[in-house]
């Protein structure tokens, strides 16, 4: 059976980087969700929280929006670095 999770049990590899980048920017999860919405992505604060905690899968479309809003490369989001 195929398991669609990382070795650490997370459903994504970008959540740790999203949390780190958001905190470095000094914004709340709600503010990040608001910025993503202004960029055209329909997410709320709860979705951001689930992404950061690794509970939510992240699509390639969402990765593009996160990359633009956080002003980082896709590689940085996907590096898995904390």
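The values are calculated or read from the model by the stated rules, or taken from the named source; none is laboratory data. All values reported here derive from a predicted model rather than from experimental measurement. FYI the Cβ positions are ideal-geometry reconstructions off the backbone, even for glycines, and counts take in every protein chain you see.
If you scan segment 51-61, which residues turn out to be surrounded by 19 or more Cβ atoms within 10 Å (Cβ to Cβ) and in a helix (DSSP H, G or I)?
51, 52
Buried (at least 16 other Cβ atoms within 10 Å of the Cβ) and assigned to a loop (DSSP other than H, G, I, E, B), is that true of residue 69?
Values: buried (at least 16 other Cβ atoms within 10 Å of the Cβ): yes; assigned to a loop (DSSP other than H, G, I, E, B): no.
It is false that residue 69 is buried (at least 16 other Cβ atoms within 10 Å of the Cβ) and assigned to a loop (DSSP other than H, G, I, E, B).
Taking segment 7-34, which residues are farther than 16 Å from residue 66 by Cβ and free of Cβ contacts under 8 Å to residues at least 40 places away in the same chain?
Residues satisfying the conditions are 7, 26.
How do the pairs read when you match residues in segment 63-74 that are in contact (Cβ under 8 Å) with a residue 24 or more places away in the chain with residues anywhere that are assigned to a loop (DSSP other than H, G, I, E, B) and surrounded by fewer than 16 Cβ atoms within 10 Å (Cβ to Cβ), using Cβ under 8 Å and keeping only pairs 6 or more apart or on different chains?
What qualifies is 65/39; 65/40; 68/39; 69/39.
In this structure, is residue 31 outside any loop (DSSP other than H, G, I, E, B), at pLDDT 95 or above and buried (at least 17 other Cβ atoms within 10 Å of the Cβ)?
no
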